[in-house]
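Before any comments, here is the structure.
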Amino acid sequence: MKILVAVKRVIDYNVRVRVRADGSGVETANVKFSMNPFDEIALEEAVRLKESGAATEVIAVSIGPVQAQETLRSALAMGADRAILIQTDEAVEPLAVAKLLAAVARRESVELAILGKQAIDDDANQTGQMLAALLDWPQGTFASKLSIENGHAIVTREIDGGLETIRLALPALITTDLRLNTPRYASLPNIMKAKKKPLEVLTQAELGVDITPRLVTLKVEEPPKRKAGVKVADAAQLFDKLKHEAKVI
Ligand code: AMP
């Protein structure tokens, strides 16, 4: 069983994101980028399936600029066997990403695709669901547990009020939630080995996919600044402020 794992290069989660002065987007110059955290979880799960003998090959795929090769090298250092970059400098919307991933999934005859539940830059939470629809595969979203048994994926999902366990016939699509696993750190020898693993670079034209955007970003703005708090002397004063100033009771 071949597994496709989608890994997106995003602004590192520790960076304080700043909006560009003209409101057209966020500042990306001189900012640290890394692998989307949910995709690290997806990759870890795929590598564990390979280590357990349930999978034969793990292919990491990224869509983005040439710098996304660094993200793919990290994926190779964590244990992916090979990588594919679909190189573009355009902003690629979830539907276009899903179409590109579907083309790779068909070309590589993968039986399982594991994606993050969302990319932490745009917070879309759309690509996995769209990919499953395009491939006409069953989907197990927000997985907190995954196993492969007799040609099926058994997926536990965290839902309101409990855990839901579903069985999907392969080929299938999974998106990862935070509690699925704790991704490993790449060891130095594996980082060295990753430099020699295959990394193929393709264009959207080679895959026959049109990535023309369908949305126009009108503006991006900073969240409103929080006002400084005040200390109240006692419960009576708190009640008074809530009633007369905040007018919430
Ligand atoms: P989103 O729907 O944008 O929140 O992204 C959900 C998941 O889709 C991510 O966690 C990735 O696994 C995958 N994905 C989205 N955009 C890309 C991209 N440009 N390259 C690779 N994978 C992506």
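Quick notes on this structure:
- Protein-only accessible surface order, largest first, of ILE3, ILE191, ILE166 at 1.4 Å: ILE191, ILE166, ILE3
- Using C-alpha pairs below 8 Å separated by at least 6 residues, the relative contact order for the stretch 79-166 is 18 percent.
- The calculated 222 nm mean residue ellipticity attributable to helices in the chain amounts to -8000 deg cm²/dmol, summing -39500 (n - 2.57) over DSSP H runs of n ≥ 4 and dividing by all residues.
- Per residue, the average separation of C-alpha pairs within less than 8 Å and at least 6 apart gives the stretch 2-244 a relative contact order of 24 percent.
- Under 12 Å of direct C-alpha separation, and excluding same-chain neighbours fewer than eight residues apart, LYS50 reaches these aspartates and glutamates: ASP81.
- Applying D = kT/(6 pi eta Rh) to the stretch 1-141, where Rh is the Kirkwood radius over alpha-carbon pairs, T corresponds to 4 °C and eta to 1.567 mPa s, the Stokes-Einstein value obtained is 84 µm²/s.
- Taking the 1.4 Å solvent-accessible surface of the stretch 2-244 as the whole, the part contributed by carbon and sulfur is 52%.
- Model label sites at ASP160 and ASP121, defined 7 Å from Cα along the beta-carbon direction, differ in position by 3.2 nm.
- The stretch 161-233-the stretch 1-34 distance, computed between alpha-carbon centres (Å): 10 Å
- Of the trypsin sites (Lys or Arg not before Pro) found in the stretch 19-109, those in coil by DSSP whose Cβ has at most 14 other Cβ atoms within 10 Å are ARG20, LYS32.
The values are calculated or read from the model by the stated rules, or taken from the named source; none is laboratory data. Here the structure is a predicted model, which means the values were calculated and not measured. So basically every Cβ, Gly included, is an ideal-geometry build from the backbone, and we count neighbours across all protein chains shown. We work out accessible area using only protein heavy atoms, side chains counted, and drop any ligands, DNA or RNA first. Shrake-Rupley method; radii C 1.70, N 1.55, O 1.52, S 1.80 Å.
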